[in-house]
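Please read the structure below before turning to the comments.
The values are calculated or read from the model by the stated rules, or taken from the named source; none is laboratory data. Quick caveat: nothing in here was measured; it's all calculated off a predicted structure. Virtual Cβ from ideal backbone geometry, glycine too; neighbours counted across all protein chains shown. Accessible surface areas use protein heavy atoms only, side chains included; no ligands, DNA or RNA. Shrake-Rupley method; radii C 1.70, N 1.55, O 1.52, S 1.80 Å.
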Amino acid sequence: MKFCIIGAGSGGRAFAAYLSSKEKPVNLFNRSYSRIADIKKKSGIKSKGELKGFFPLNIVTQRLDRAVKKADVILVVTPASAHKSIAQKIAPILTKDQIILLNPGRTFGAIEFWQTIKDQMGYVPVFIAETQTLIFTSRQLKKNKVKILKIKDCVEFSAYPEKYTFFIYDTLKEVFPELEPSEDYLEMTLKNIGMLLHPTLSILNSGMMDIGNEFRFYSEGATKRTCEVLERLQMEINQIMKILGLKQYDFCKWANKSYGVKEKCIYDAIQTIIAYKDIIAPKKLITRYFTEDIPTGLVPISSLAEFLGIKTPVIDSVINLSSILCGTDFKRGGRTIAKLELEEYIKRRIAIKELTNLGTKEQIYIH
C-alpha cells in the first residue's frame with residue numbers, strides 16, 4: 001500500500017515517520033519549499049519522542065501530481081481552512097478508488113471535500129473520510145525533525161457517505177490500529193476537539209500571546225476559571241446533539257479514550273494529560289487556533305444551532321471576539337449549513353430521530 005501525505009507540518013511529518021517505520025512507501029508533498037528543503041536534502045525525517053529514529057521517504061516534492069500518482073491512500077494533514085483549495089487542486093489528478101483521509105476534518109470537512117470534487121468533476125471517483133482529531137500529538141522541530149509527544153490510543157473517523165466507513169477501516173486497520181470507525185458521520189464531525197479547546201483558551205490568554213510571553217498553553221493557560229468557559233461551550237454543543245438525537249459531547253470521555261486519563265471535569269482532564277504538560281503557547285496572537293478552529297469548527301456549529309433554532313451565546317461570543325482580535329469576519333468566510341447545502345441532510349437526521357423515538361426500525365438513507 002502506497003501513501004501520499006499532503007502537508008509537511010508537525011502532523012504531516014509525524015505521519016511520514018510513522019508510516020516509514022512500518023516500511024510503507026511515502027510521498028510527501030508541501031506547497032512551500034522551505035518546509036521540505038531539509039527533508040528533501042536528507043531524504044527522510046528524524047523523529048524524537050514516542051517514535052525515535054531516522055525514517056526514509058520515497059518522494060519529497062512540491063509537485064502535487066507527482067505525490068498523488070499511484071498512491072492508494074492520500075492523507076491530508078493541513079489546516080482544515082485549506083481543505084477546499086486542496087480539493088480543487090487535487091480533483092483532476094485523482095484516480096478511481098483512492099482513499100482520502102482528512103487529518104482531522106474539523107467540522108464537515110469530508111462533506112466540503114466531497115462536494116468540492118463533485119462540483120468540479122461532476123462525480124466523486126474516490127472514498128473520502130475524516131478523523132475527529134490527529135492521531136499524533138506532535139511538534140515540528142528544525143530542519144527535517146519532528147517530536148511525537150504521544151500516539152493517541154484511539155481516534156474516531158467516519159467516511160462521507162457513511163456506507164464506505166468500514167471499507168476504509170478494513171483497508172487501514174493494520175497500518176493504523178488507533179483508528180476507530182464511527183457509524184454516524186454527523187455525530188463524529190460535531191465532536192471536534194480543536195474547536196472546544198483552542199479558540200477559547202487563546203482568547204482568555206490573548207494578552208500573553210500577543211506580547212510573545214512564554215507560557216504553557218494547557219498547564220498554565222487552562223485554569224479552573226477558563227475551563228468553566230469550556231464547560232459552558234460544551235453544554236451548548238450538547239443542546240445541538242440532543243435535538244439531533246446524538247450522543248453527548250464529552251471531553252472527559254474523549255480524553256480517556258485518547259490518552260487513558262480518567263477525570264470528571266475538563267480542567268482535571270487537561271491537567272492530567274501528560275502530553276499537554278509542556279506544550280508552549282504560540283508567541284503570537286493570530287494562529288491556526290483562530291484561523292482554522294473558528295471558521296471550520298465553531299462557525300459551522302453556530303450555523304447549525306441557528307438552523308435548529310438554538311441559542312449559543314458562549315459560542316457566538318467566542319466567534320465575535322476572535323473576529324475582532326484577528327480583524328477577520330470568520331462567520332462570513334467559514335463553513336455554514338447554507339454554503340454546504342446541508343439543510344435537507346439535517347432535516348433528514350431530525351426525521352430519523354423522530355422515527356426512532358416512535359420505535360420505527362425503518363432505515364432512511366442519506367444517499
Query raised in the report: Which whole-Hz ³J(HN,Hα) couplings does the stretch 24-30 yield from phi under the Karplus relation 6.51 cos²θ - 1.76 cosθ + 1.60, θ = phi - 60°, glycine and proline marked x?
Result: 9, x, 10, 9, 10, 10, 9
Query raised in the report: Could you list log10 I(q)/I(0) for the stretch 19-84 at q = 0.19, 0.25 Å⁻¹, which the Debye formula gives when each Cα is one point scatterer?
Result: -0.82, -1.27
**Report entry** Separation of the A351 and M121 label points, Cα + 7 Å toward Cβ, nm
**Finding:** 2.9
Query raised in the report: Ranked highest first by average number of other Cβ atoms within 10 Å, how do 284-295, 327-338 line up?
Result: 284-295, 327-338
Requested in this report: Rounded to whole Hz and in sequence order, give me ³J(HN,Hα) for the stretch 260-276 from the Karplus expression 6.51 cos²θ - 1.76 cosθ + 1.60, θ = phi - 60°, writing x for Gly and Pro.
Outcome: x, 9, 10, 9, 10, 9, 4, 4, 5, 5, 4, 6, 8, 6, 4, 5, 7
Query raised in the report: Sequence-distant or interchain residues sharing an amide H contact under 5 Å with I5, placed H: which?
Result: N27, L28, F29, L75
Query - the stretch 175-197 residues near the modelled C154 label - backbone nitrogen below 20 Å, point 7 Å along Cα→Cβ - result: 175-194
Query raised in the report: Across 20 Å bins from the origin, how do the percents of Cα pairs in the chain run, short distances first?
Result: 29, 61, 10, 0
Report task. Determine how large the accessible area of V229 is when every protein chain is in place; take a 1.4 Å probe and give Å² rounded to the nearest 10. Result -> 50
Query - Net length gained if the chain between A338 and L358 were fully extended (0.36 nm per residue, minus Cα distance) - result: 4.3 nm
**Report entry** Ordering of 339-351, 176-188 by burial proxy (mean other Cβ atoms within 10 Å per residue, highest first)
**Finding:** 176-188, 339-351
Query raised in the report: Taking R0 as 51 Å, what's the FRET efficiency between K96 and R225 from their Cβ-Cβ distance, rounded to 0.05?
Result: 0.45
Query - Whole-percent carbon and sulfur share, accessible surface of the chain, 1.4 Å - result: 49
Report summary line: Between K247 and N213, the FRET efficiency computed from the C-beta separation at R0 = 35 Å comes out, to the nearest 0.05, as 0.35
Query raised in the report: When the chain is treated as a GNM, springs tying every alpha-carbon pair under 10 Å, which of T223, T296, T116 comes out with the largest mean-square fluctuation?
Result: T223
**Report entry** Solvent-accessible area per residue for the chain (1.4 angstrom probe, square angstrom)
**Finding:** 45
Report task. For the stretch 249-296, go through all pairs of different Cα atoms, get the mean of 1/r, take its inverse, and jot down that Kirkwood value in Å. Result -> 12.3
Query raised in the report: Once all Cα-Cα distances of the stretch 223-321 are split into 10 Å bins that start at 0, what whole-number percent is in each one?
Result: 14, 38, 39, 9, 0
**Report entry** Alpha-carbon centroids, the stretch 26-102 and the stretch 202-249: separation in whole Å
**Finding:** 31
Query raised in the report: Mind ordering 100-112, 124-136, 146-158 by average Cβ neighbours within 10 Å, highest first?
Result: 100-112, 124-136, 146-158
**Report entry** Estimated inter-spin distance, E23 and E306, nm [label 7 Å along Cα→Cβ]
**Finding:** 5.4
**Report entry** Rounded to whole Hz, the Karplus (6.51, -1.76, 1.60) HN-Hα couplings of the stretch 76-81, x for glycine and proline
**Finding:** 8, 10, 10, x, 4, 5
Requested in this report: State which entries of K24/K262; K145/K283; K69/K331 exceed 31 angstrom in Cα-Cα distance in the structure shown.
Outcome: K24/K262; K69/K331
